[in-house]
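S.K.: Provided herewith is a single structure, encoded as structure tokens, for subsequent inquiry.
A short reminder: the numbers here are calculations on the coordinates, not readings from a lab. Treat the numbers as computed from the prediction; the structure is a model and nothing was measured. With ideal geometry, Cβ positions are generated from the backbone for all residues, glycine too; neighbour counts draw on all protein chains shown.
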Amino acid sequence: MARTEFVALVCGLGMASASVGSVRAQQPTAYTVIVVNSMFGPLVEETIYRNGSKAVIDLNTPAPAGGTATHVRSLYDLNAHTNQSWDLTNNSGGCSSGTFSGDWGDPFASQGDLSTAKMTGTETVNGFSTKVYEVEAQGIKAKAWVDAKTGMTVKMQMAQTGADLKTMVEVKKLTVGV
């Protein structure tokens with residue numbers, strides 16, 4: 001699942017990164033974030049590089065049974081709202097280009113509020129000091145670990161009500177600055 005689809009699902013539950021003014025001021029514009037995403041089954045490693053108005057997102061997907069791995073790179077011009085994408089492991093498809101509005105995949109973007117979620121505690125996850133939130137709505141339960149300093153969702157687990165939670169997204173590493 002693309003980050004924007006994931007965010008839409010989470011926002012549909014009323015749960016995502018906090019949009020608090022003091023948090024927003026601490027969001028960097030030059031960073032590298034490594035995220036593991038398993039929304040649609042196999043783990044996908046997503047590396048997001050940003051330097052000001054330019055960003056690159058690399059998506060590395062392991063080879064499925066009988067298939068081949070992919071490494072898709074997307075280049076974003078945040079001022080022009082344009083992007084270009086290509087698969088580094090299979091150049092037969094060429095590249096694609098397009099435009100975007102709204103969320104381009106910034107892990108620090110304000111993606112909603114926590115008004116319907118309940119803060120259930122604090123924990124350290126992968127070195128991040130987080131606030132833990134839980135919510136249940138529309139037959140789905142979710143738990144999010146939100147970085148107390150930046151508002152970035154560090155980890156998200158989801159499941160249908162009554163089932164065990166499954167980790168869908170987890171930030172493994174953050175490097176601020178270039």
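S.K.: Cross-link candidates for Lys141: which aspartates and glutamates have Cα within less than 18 Å, leaving aside residues fewer than 8 places away along the same chain?
M.R.: Straight-line reach from Lys141, under 18 Å: Glu5, Asp113, Asp164, Glu170.
S.K.: I'd like the FRET efficiency for Leu43 and Lys149, computed as 1/(1 + (r/R0)^6) with the beta carbon distance as r and R0 of 30 Å, rounded to 0.05.
M.R.: 0.70
S.K.: Could you give the length gained on full extension between Lys172 and Thr68, defined as 0.36 nm per residue of separation minus the Cα-Cα distance, in nm?
M.R.: 35.0 nm
S.K.: List the pair-distance distribution P(r) of the stretch 54-117, using every Cα-Cα distance, as the percent of pairs falling in each 10 Å bin from 0 up to the bin containing the longest distance, rounded to whole percents.
M.R.: Whole-percent P(r) values from 0 Å outward: 18, 39, 26, 15, 2.
S.K.: Something else about it: Return the Rg/Rh ratio of the stretch 93-165 with Cα-based radii and a Kirkwood Rh.
M.R.: Ratio of gyration radius to Kirkwood radius: 1.09.
S.K.: Setting aside same-chain residues fewer than 8 positions from Lys172, which aspartates and glutamates have a Cα under 14 Å from its Cα?
M.R.: Glu45, Glu46, Asp147
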